[in-house]
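The values are calculated or read from the model by the stated rules, or taken from the named source; none is laboratory data. Just so we're clear, the structure is a prediction, and the values are computed from it rather than from any experiment. Because the Cβ atoms are built from the backbone with ideal geometry, glycine has one as well, and the counts that use them run over all protein chains shown.
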Amino acid sequence: MNNSVGNTARLLGAGLRAVLVLTVVCGVLYPLAVTGVAQALFPGKANGSEVKDGGKVVGSELIGQRYDLPLKKGQETPDPDLKWFQPRPSNGLGSNSVNTRYKLLLSGATNLSGDSGSTKDKDGKQVCDPKATDGLCAQVRAAKDAVVKDNSTADFKVSPSDVPADAVTSSASGLDPHISPAYADLQTHRVAERNHLDVKAVEKLVDDHTDGRVLGFMGEPRVNVLKLNIALKHLVAAQG
């Protein structure tokens, strides 16, 4: 009986010591070591890839954000502020209707299939139905019409065939911080007109903020919209 109690006590003691040691190693020392290494070698990435302007954090280079006008009475979605470069559409999960106490950042895709809102032509090929009022085809058509209208100026008319795919479709997360150089270039005339800038100066701004493929062969050239708009703000201030 005494041996049984003694063995049990020893086992419990060993288990408690193991829990204590593992808690200290895995719950304290390891996180501190990983955090320390990350802060020492990759401080920017470890802190969320923050983007600062004038010493103030204005966003993250990994998360896209909208540039909209204040919401007007009766509007469900605000109009874009056309003096800024605009990001990709962010249809995602829509607005937060669960916890209205906080303004939450929502991420998600539309989950619409490629044939959503489409029909078959006389050859049996799947094409967008011009009469569709919902679905992917209707969203893309409405987005393309808006891009053409918003970016056409007095001396520059946008053709529907010039609108790139990323201008009318959202990413899988809905939070893509980048746009293609083609979409950025398409917006230069409108941005220049709205900010009373020379088009060449705005085009150079886009060129200066175009990132190439990773390691020269992975991915596609891209433009970070937040960084581009920060540079645009400084250009406008310098011209003023």
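Show the residue pairs that are 6+ apart or on different chains and have beta-carbon atoms under 7 Å apart, the first residue being within the stretch 129-157 and surrounded by fewer than 17 Cβ atoms within 10 Å (Cβ to Cβ) and among the aliphatic types (A, V, I, L, M), the second being outside any helix (DSSP H, G or I) and at pLDDT below 95.
A132/G117
Can you give me the number of residues within the stretch 190-217 that are more than 20 Å from the chain's Cα centre (by Cα), within 20 Å of R66 (Cβ to Cβ) and outside any helix (DSSP H, G or I)?
The total comes to 1.
Taking the stated definitions as given, is A182 under 20 Å from G64 (Cα atoms), modelled with pLDDT of 95 or more and in a helix (DSSP H, G or I)?
The answer is yes for A182.
I'd like the full set of residues that are surrounded by 11 or more Cβ atoms within 10 Å (Cβ to Cβ) and either over 30 Å from K149 (Cα atoms) or free of Cβ contacts under 8 Å to residues at least 24 places away in the same chain (or both), limited to the stretch 61-86.
Residues satisfying the conditions are D68, L69, L71, P78, D79, D81.
Can you give me the ranges of the helices (runs of 4 or more DSSP H) entirely in the stretch 1-64 with at least 2 residues that are out of contact with any strand residue (DSSP E or B) (no Cβ under 7 Å at 6 or more places or on another chain) and closer than 29 Å to S173 by Cα?
30-41, 43-46
Would you confirm, using the coordinates I've provided, whether L32 is surrounded by 10 or more Cβ atoms within 10 Å (Cβ to Cβ), over 22 Å from L228 (Cα atoms) and not charged (D, E, K, R)?
The answer is yes for L32.
Going by the structure shown, is P70 within 20 Å of A167 (Cβ to Cβ), modelled with pLDDT of 75 or more and assigned to a loop (DSSP other than H, G, I, E, B)?
no
Of (1) in a loop (DSSP other than H, G, I, E, B); (2) surrounded by 13 or more Cβ atoms within 10 Å (Cβ to Cβ), E220 satisfies all except one. Which?
(2)
Going by the structure shown, is Q39 among the polar types (S, T, N, Q), surrounded by 10 or more Cβ atoms within 10 Å (Cβ to Cβ) and assigned by TED's automatic domain parsing to the domain that holds H234?
The answer is no for Q39.
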